[in-house]
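Working notes for the structure below.
The values are calculated or read from the model by the stated rules, or taken from the named source; none is laboratory data. Since we're looking at a predicted model, the values are computed, not measured. Ideal geometry is used to build each Cβ from the backbone, glycine not excepted, and the neighbour counts take in all protein chains shown. Note: areas computed on protein heavy atoms with side chains; ligands, DNA, RNA excluded. Shrake-Rupley method; radii C 1.70, N 1.55, O 1.52, S 1.80 Å.
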Amino acid sequence: MTRYLIPLAIFAVLVAFLSIGLNLKPREVPSPLIDKPAPAFTLNQLHEPAKQMSPADLKGKVWLLNVWGSWCVSCRQEHPLLVELGKANVVPLVGLNWKDNREAALKWLGDLGDPYTVSVVDPDGKVAIDYGVYGAPETYVIDRDGVVRYKQIGPISPEDLTKTILPLVKKLQG
Amino acid sequence: MIRVLTLLLFLLPMAATPEDTAQPVEADPVLEKRVMALAAELRCLVCQNQSLADSHADLAIDLKNQVRAMMKEGRSDAEIKAFMTERYGDFVLYRPPVRATTWLLWVGPFVLFAVGLAVMFAYIQRRRAGAAESAQLTPEQQARVRALLDDATSSRR
């Protein structure tokens with residue numbers, strides 16, 4: 001009897017390991033920034049380059065930081081949802097225009113709609129490195145105290161927005 | 001002759017490669033060597049099976065520039081690694097640190113190896129014991145063997 005049970009048990013363990021392995025998402029690197037203060041920056045605004053913005057300006061508010069670029073294909077996929085979110089006006093949405101060119105970025109926002117409360121530019125990607133950005137789009141939820149509470153890697157789907165991001169924003173605002 | 005020519009034809013692209021590969025941009029070869037040595041220890045986040053040193057992804061180039069800039073500021077390799085892990089997590093390190101969450105990763109292969117050895121020796125032991133046992137014939141078997149042998153010798157005569 002054990003003669004058959006042992007291989008069967010080994011097989012079961014193997015299947016368990018493989019199914020765990022298959023369900024992992026190795027592309028999504030967990031951010032060490034969660035529950036840590038959002039890195040400070042002072043960047044020029046996209047629309048008015050003379051003006052600057054830094055996270056300190058939003059202290060006391062829950063806000064989202066969305067990393068995007070006009071060169072980024074997945075950002076295009078995500079954009080209509082952001083436009084809707086911007087219209088709903090529930091949470092300030094800051095756009096971090098990552099390694100982009102100003103004309104292309106402005107044209108993109110002109111063509112597809114501008115969901116951002118304010119857009120800042122990070123031409124050499126230094127701030128993005130501080131935030132541990134390794135692809136676009138990425139979105140951070142930052143609380144009233146300026147602490148990163150959540151990081152979305154890749155485009156936000158409607159489910160991500162309604163099931164994860166918005167409930168979290170509500171909880172943090174409440 | 002044709003064979004030699006075809007062989008030479010195949011070798012041709014190899015001769016071309018050294019000039020084509022990217023040359024380090026920086027003039028300081030000592031610094032560049034240090035940058036590449038550390039970059040080989042760091043994972044490229046975009047193409048995850050490559051190190052920063054191997055990768056030509058935009059982000060990898062930016063991160064290499066970051067490493068280079070920090071080295072010029074006089075920061076140590078450990079400080080630069082800490083800078084990277086603060087931002088990208090242990091995942092950027094090709095050699096993860098030993099701690100509670102990674103002990104299985106470090107110890108696991110040795111445990112599996114030990115288990116494999118134990119199973120192998122147990123198996124060999126059992127086979128040996130089994131072989132020794134079956135070498136002993138029961139009286140009936142011995143009688144049968146003798147009968148067969150007798151039969152064979154008698155029929156040959």
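Brief remarks on what is shown
- Peptides A:84-93, A:111-120, B:104-113 ordered by average Cβ neighbours within 10 Å, highest first: A:111-120, A:84-93, B:104-113
- Area accessible to solvent at residue A:47, 1.4 Å probe radius, in Å²: 90
- In the A-B interface, the accessible area buried, summed over both sides, Å² (probe 1.4 Å): 1300
- Remark on region B:75-102: accessible area falls by at least 20 square angstrom from chain-alone to full-complex state for B:86, B:87, B:88, B:91, probe 1.4 angstrom.
- Positive dipole terminus of region B:103-156, leading residue within B:142, B:116, B:106 (C-beta point charges): B:106
- With the gyration tensor restricted to C-alpha atoms of the protein assembly as shown, the semi-axes of the equivalent ellipsoid amount to 61, 31, 21 Å, longest first.
- Here the label points at residue B:95 and residue A:22, each 7 Å from Cα along the C-beta direction, are separated by 3.6 nm in the simple model.
- Using only side-chain charges placed at the Cβ, +1 for Lys and Arg and -1 for Asp and Glu, the dipole size of region A:34-173 relative to its Cα centre rounds to 340 debye.
- Shape class of chain B from the alpha-carbon gyration tensor: oblate, with a/c at 1.5 or above and b/c at least as large as a/b.
- Contact order for chain B, expressed relative to its length and based on alpha carbon pairs under 8 Å spaced 6+ residues apart, stands at 13 percent.
- Mean separation of Cα contacts under 8 Å, 6 or more apart, over the residue count of chain A: relative contact order %: 28
- Estimated purely from DSSP H runs of n ≥ 4, each contributing -39500 (n - 2.57), the mean residue ellipticity at 222 nm for chain B is -23500 deg cm²/dmol once divided by its residues.
- Label point distance in nm, residue A:48-residue A:35, each placed 7 Å from Cα along Cα→Cβ: 4.0
- Principal-axis analysis of the Cα atoms of chain B puts helix B:103-135 at an angle of about 10° to the longest axis.
- Separation between Cα centres of region B:47-63 and region A:1-56, rounded to whole Å: 19
- Surface composition of region A:26-79: carbon and sulfur atoms hold 54% of the protein heavy-atom accessible area at a 1.4 Å probe.
- Interface residues of region A:124-155, defined as a loss of at least 20 Å² in heavy-atom accessible area between the chain alone and the complex of all protein chains with a 1.4 Å probe, are A:126, A:129, A:130, A:132, A:134.
- Taking B:77, B:62, B:28 in turn, the Gaussian network model of chain B (Cα-Cα springs below 10 Å) assigns the largest fluctuation to B:28.
- Summing Cβ point charges (Lys, Arg +1; Asp, Glu -1) relative to the Cα centre of the protein assembly as shown gives a dipole of roughly 1480 debye.
- Peptide A:32-38 - average C-beta neighbours from other chains (10 Å radius): 2
- Rounded, prolate or oblate (a/c below 1.5 giving rounded, otherwise prolate when a/b exceeds b/c) for region A:121-161 by Cα gyration tensor: oblate
- Surface share of carbon and sulfur [accessible, 1.4 angstrom probe, percent] for region B:24-92: 54
- Helix-only arithmetic for chain A: the sum of -39500 (n - 2.57) across DSSP H runs with n ≥ 4, divided by the residue total, places the mean residue ellipticity at 222 nm at -11000 deg cm²/dmol.
- The residues of region B:24-92 present an accessible area of 49 Å² per residue when probed at 1.4 Å with all protein chains retained.
- Heavy atoms of the protein chains alone define the surface here; on that basis chain A has 55 Å² accessible area per residue at 1.4 Å probe size.
- Peptides B:42-54, B:140-152 ordered by average Cβ neighbours within 10 Å, highest first: B:42-54, B:140-152
- If the segment from residue A:164 to residue A:59 were pulled out straight at 0.36 nm per residue, it would be longer than the present Cα-Cα gap by 35.6 nm.
- The largest accessible area among A:164, A:139, A:2 belongs to the first residue in A:2, A:164, A:139, and the rest follow in falling order (1.4 Å probe, all chains).
- When +1 charges are put on Lys and Arg Cβ atoms and -1 charges on Asp and Glu Cβ atoms, the dipole computed for region B:103-156 relative to its Cα centre reaches about 100 debye.
- Cα gyration tensor shape of region B:103-156, rounded if a/c is under 1.5, else prolate or oblate by comparing a/b with b/c: prolate
- Rounded tilt (10° steps) of A:102-112 against the dominant C-alpha axis of chain A: 70
- Compared with the dominant Cα axis of chain A, that is its longest principal axis, helix A:73-88 is turned about 60°.
- Highest average packing first - A:36-45, A:69-78, Cβ atoms within 10 Å: A:69-78, A:36-45
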